[in-house]
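Please treat every number below as a calculation from the coordinates, not as lab data. Only a predicted model underlies this, so the values are computations on that prediction, with no experimental measurement involved. Note that each Cβ is placed from the backbone with ideal geometry, even for glycine, and that neighbours are counted across all protein chains shown.
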Amino acid sequence: MPTSVGWVWLVVVLPFIGFLANGLISFLRPQAKSAVTAIGVGVLVAAFAVAVAVVAALAQGVESAPFVLTYWSWMTVGELELSVSLQVDQLSAVMLMVVTGVSALIHVFSVGYMREDPGYPRYFAYLNLFVFFMLVLVLGASFPVMFVGWEGVGLCSYLLIGFWYLDKSNADAGKKAFIMNRIGDFGFLIAMFLIFQVTGSLSFVEVFEQAPGAFAINGGMITLITLALFLGCTGKSAQIPLFTWLPDAMAGPTPVSALIHAATMVTAGVYLIARSNVLFAMAPASSVVVATTGAATALFAATIALKQWDIKKVLAYSTVSQLGYMFLGVGVGAYAGGIFHLVTHAFFKALLFLGSGSVIFALHRAYHATHRHEDAQDMRNMGGLRKYMPWTATVMWIATLAIAGVPGFSGFFSKDGILAATFARGHEHPVFYFLWVLGSVAALLTAFYMTRLMIYTFHGPNRTGANEEQHLAEAPWVMTAPLLVLAIGAAVGGVINLPHVLPAAGWVEHLFEPVTEMSHRYLPEAHLSVNAEWMLIGIATAIALVGIVAAWQLLKPAALLSAKDAAAETGFQRVLWKKWYVDEIYNALFVRPTVWLSRNVLWRVVDAGVIDGALVNGSAWTARAFGFIGSAVQTGRLAWYLLVFVIGTLVLLRTVM
Amino acid sequence: MQAATGQELLGSALAVSAILFSMGVAGVLLRRNAIIVFMCIELMLNAVNLSFIALAQQLGPDGQVFVLFVMAVAAAEAAVGLAIIIAIYRHKQTVNLDKVNLLSG
């Protein structure tokens with residue numbers, strides 16, 4: 001094993017040190033912002049540097065990957081032997097680079113965005129802790145270690161969504177995210193128990209080696225395990241039916257949305273499936289469920305994004321939609337394709353979120369300067385911002401072209417790869433053609449709603465307000481510099497996995513071959529002819545351009561009114577604006593029955609009646625009743641005692657004789 | 001008139017003993033005068049003595065020895081008990097047990 005790979009523990013530990021230091025500072029010296037900046041950003045830059053060294057070393061000795069580094073024994077219970085160990089292979093290396101790289105950039109951005117916030121040290125402590133758990137998640141060498149990271153990022157997500165917890169709606173959004181993730185985690189736990197029951201192990205290497213012998217292909221057990229794992233993924237990665245927490249999670253600071261709710265944490269589900277690719281390849285029925293859910297989510301979330309006015313809500317539904325693409329990819333067996341879209345998405349979506357953060361920052365500053373209380377996130381209050389924020393407008397256009405799938409930009413290659421892989425399996429079963437159609441329609445909507453966002457934000461007349469206009473300005477360099485780095489990734493990131501018809505194609509696919517080789521045994525061969533591939537590229541290009549041009553032609557930013565003057569939506573537009581009423585439906589189906597049950601049965605009957613009444617007060621009442629009888633006997637009169645004594649003696653004599 | 005057999009005498013003696021004992025118990029329970037209560041205790045002791053003597057006719061002389069012991073203890077008890085009653089009377093000007101209730105809470 002190359003020695004530098006052994007440093008991987010340092011990548012994990014550095015953010016944790018940052019968390020401890022910033023946590024201490026937030027208690028002891030909350031004003032020491034420069035120290036927080038130095039520590040918070042410093043540990044991430046250092047972690048990124050070490051990660052680069054680790055990956056470079058991995059590239060040297062890549063033939064003997066995966067490297068599993070065991071640090072200490074966690075628990076030994078019966079047959080279960082768990083150790084705390086990290087796994088470095090091609091898949092975790094890619095995730096390692098994305099997580100540390102994007103996190104470092106977002107930490108830098110946060111320095112500018114959160115500068116005025118009184119909770120600055122607390123913010124960086126949470127953010128460092130998040131990176132620590134995310135690294136545990138992607139580097140863990142067994143399901144339980146991964147689960148620790150999985151739960152840890154959920155905790156940090158909760159803490160950061162409710163970062164401004166004085167506002168009740170923010171705290172509620174945090175709770176919603178946490179509770180919906182619990183539903184998914186239940187699936188993850190069930191899957192772990194079943195895997196241990198069948199294989200007697202939980203470490204990735206052992207489970208995946210034993211899987212071909214331990215499970216029947218498409219058998220009941222493997223299908224159950226993979227579906228339970230996928231339930232975990234729908235919670236963490238915001239897929240139907242557990243997606244409603246992610247748009248609400250936008251209550252957190254915008255860099256948090258960029259890091260946790262776009263680039264890293266929400267992609268954990270895709271990583272889990274790519275990691276367990278052997279299990280999913282052996283369960284084709286589950287894989288179809290994954291692909292169908294992904295395609296349906298991609299389309300469903302895209303329709304909602306069409307009609308949102310909050311700039312972050314558009315991006316949130318866009319994230320849900322793009323995560324759907326990733327699940328479509330891993331569902332049809334294109335594990336490398338799914339991870340490739342994860343990487344490009346991390347670039348362009350982080351860029352979009354940070355760009356929107358920059359816009360919100362500017363609007364917030366303008367409204368602050370004139371002491372007006374308007375929604376700084378509503379696109380109806382923006383418009384024409386490219387004059388004031390040329391850098392932000394430029395980089396966000398790059399990201400928009402990438403996510404819309406314009407050829408040459410990263411998103412084109414990754415999205416096209418997934419759709420091509422779906423299409424290629426159409427000869428097996430027509431359902432894959434149907435999924436391809438869903439994905440393509442979602443791609444059209446993606447191009448449309450992203451162009452809509454750009455037009456309403458950066459083009460047309462400004463609607464911020466006459467007095468506010470003079471206060472609009474570009475964000476400081478500490479915020480724009482990370483945008484530029486991400487823009488480079490969003491623009492050219494696609495070169496790492498070009499389509500098969502181009503030279504030097506499929507680098508990521510070749511890289512992942514050792515990770516996915518076992519699953520290839522179970523996946524049907526799906527090769528597209530060169531003509532078909534060019535045709536798909538042509539269709540994808542046409543879809544992207546039609547979406548952009550249609551939005552450009554149909555939308556009239558000049559006719560838009562600012563948020564407080566705008567009329568309410570009507571008809572079908574209102575249905576989309578209200579997000580298909582999913583929250584209301586869930587409220588009626590699950591939340592209200594649960595509350596009713598809790599209040600009328602669990603509280604009034606079980607808690608107040610049984611526990612308080614029968615058990616607590618009942619035992620006290622019984623003791624008091626016995627005490628009452630006992631005290632009545634103790635009169636203190638000697639004659640009474642003697643009488644009892646005589647009666648007792650007589651009774652004894654009667655029984656003995 | 002035939003002489004009564006040992007068996008019949010035993011039965012009568014035990015019956016008298018039981019009656020005496022019950023009178024003693026009733027006196028202890030019902031009377032309030034400490035001297036009467038004290039005399040009732042003596043009555044109970046002597047009821048027991050009577051049954052000892054009666055049974056000694058059948059079972060050997062152990063019972064008669066016991067009676068001597070009981071009479072000795074009863075004499076000692078009478079001395080101590082009467083002394084206590086006199087002390088109580090000097091202290092409270094009464095020997096009514098209902099008035100002597102310092103320990104009854």
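Summary table
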| item | result |
| --- | --- |
| Shape of the stretch A:409-504, Cα gyration tensor, a/c cut at 1.5 | oblate |
| Range of Cα positions in the stretch A:57-213 per principal axis (Å), largest first | 56, 39, 25 |
| Given charges at Cβ of Lys, Arg, Asp, Glu: the stretch A:546-612 dipole, positive-most of A:Gln573, A:Trp596, A:Val610 | A:Gln573 |
| At 0.890 mPa s and 25 °C, Stokes D of the stretch A:1-139 from Kirkwood alpha-carbon radius, µm² per second | 155 µm²/s |
| Kirkwood hydrodynamic radius of the stretch A:1-83, Cα pairs, Å | 15.1 Å |
| Gap separating the Cα centres of the stretch A:322-374 and the stretch A:600-639, nearest whole Å | 61 Å |
| Cα pair distances in the stretch A:461-523, grouped into 10 Å bins until the bin that holds the longest one, percent each | 16, 22, 23, 16, 13, 9, 1 |
| Proximal aspartates and glutamates relative to A:Lys33, as straight alpha-carbon distance under 15 Å, when same-chain residues fewer than 8 apart are discounted | A:Glu116, A:Asp117 |
| Amide proton proximity set for A:Gly140, modelled H, under 5 Å, gap of 5+ | A:Gln87 |
| The stretch A:348-403 - charge dipole about Cα centre, Lys and Arg +1 at Cβ, Asp and Glu -1, debye rounded to 20 | 140 debye |
| Whole-number D in µm²/s for the stretch A:329-427 (Stokes-Einstein; Kirkwood sum over Cα pairs; 4 °C, 1.567 mPa s) | 84 µm²/s |
| Taking the stretch A:180-237 and dividing mean pair separation by its residue count, relative contact order in percent (alpha carbons under 8 Å, at least six apart) | 60 percent |
| Percent RCO, i.e. relative contact order, over chain A, from Cα pairs under 8 Å lying at least 6 residues apart | 12 percent |
| Computed magnitude of the charge dipole of chain B (debye, nearest 20; Cβ of K, R +1, Cβ of D, E -1) | 540 debye |
| About the Cα centre, charge dipole magnitude for the stretch A:197-319 (Lys/Arg +1, Asp/Glu -1 at Cβ), debye | 300 debye |
| For A:Gly252, residues with placed amide H under 5 Å, excluding near neighbours | none |
| ³J(HN,Hα) computed for each position of the stretch A:609-621 - Karplus, 6.51 cos²θ - 1.76 cosθ + 1.60, integer Hz, glycine/proline x | x, 7, 6, 5, x, 6, 7, 6, 5, x, 5, 5, 5 |
| Equivalent-ellipsoid semi-axes of the protein assembly as shown, from the Cα gyration tensor, Å, largest first | 86, 33, 26 |
| Over the stretch A:514-590, volume per residue of the alpha carbon convex hull, in Å³ | 269 Å³ |
| For the stretch A:314-328, 3J(HN,Hα) per residue [Karplus equation, 6.51 cos²θ - 1.76 cosθ + 1.60, θ = phi - 60°, Hz, x = Gly/Pro] | 4, 5, 5, 5, 4, 5, 4, 5, 5, 4, x, 4, 4, 5, 4 |
| The stretch A:166-267, relative contact order [Cα under 8 Å, separation at least 6], % | 35 percent |
| Calculated on alpha-carbon atoms, Rg and Dmax of the stretch A:194-276 in Å | 15.9, 48 |
| Over the stretch B:1-101, volume per residue of the alpha carbon convex hull, in Å³ | 106 Å³ |
| Cα lying deepest toward the dipole's positive end in the stretch A:43-125, options A:Val62, A:Pro121, A:Met97, charges on Cβ | A:Pro121 |
| Fraction of the pair-distance distribution of the stretch A:218-328 above 20 Å, Cα-Cα pairs, percent | 38 percent |
| Inter-centroid distance (Cα atoms) of the stretch A:122-159 relative to the stretch A:162-225, Å | 15 Å |
| Antiparallel %, DSSP beta bridges [both residues in the protein assembly as shown], to 5 | 95 percent |
| For chain A, calculated [θ]222 nm from helices alone, where every DSSP H run of n ≥ 4 adds -39500 (n - 2.57) | -22500 deg cm²/dmol |
| Under-5 Å amide H pairs with B:Asn33, H placed in peptide plane, nonlocal only | B:Leu97 |
| Orientation-averaged projected area, Cα convex hull of the stretch A:436-577 (nm²) | 13.9 nm² |
| Listed residue (A:Ala171, A:Ile240, A:Phe215) projecting farthest to the positive dipole end of the stretch A:153-269, Cβ model | A:Ala171 |
| Two-site FRET efficiency, A:Val606 against A:Tyr581, from Cβ-Cβ distance with R₀ of 25 Å, rounded to 0.05 | 0.15 |
| Separation of alpha-carbon centers, the stretch A:240-276 and the stretch B:31-72, rounded to whole Å | 97 Å |
| Hits among aspartates and glutamates - C-alpha to C-alpha of A:Lys579 under 18 Å, sequence gap 8 or more where chains match | A:Asp248, A:Asp310, A:Asp378, A:Glu569 |
| Alpha carbon Rg of the stretch A:540-657, scaled by the compact-globule rule 2.2 N^0.38 Å | 2.88 |
| Qualifying lysines (Cα of each under 26 Å from Cα of A:Lys578; at least 8 residues distant if same chain) | A:Lys168, A:Lys175, A:Lys176, A:Lys236, A:Lys307, A:Lys312, A:Lys313, A:Lys349, A:Lys556, A:Lys564 |
| Degrees between helix A:284-305 axis and first principal axis of chain A (Cα, 0 to 90, nearest 10) | 70 degrees |
| Whole-Å semi-axes of the ellipsoid equivalent to the stretch A:251-314 (Cα gyration tensor, √5λ, descending) | 28, 17, 5 |
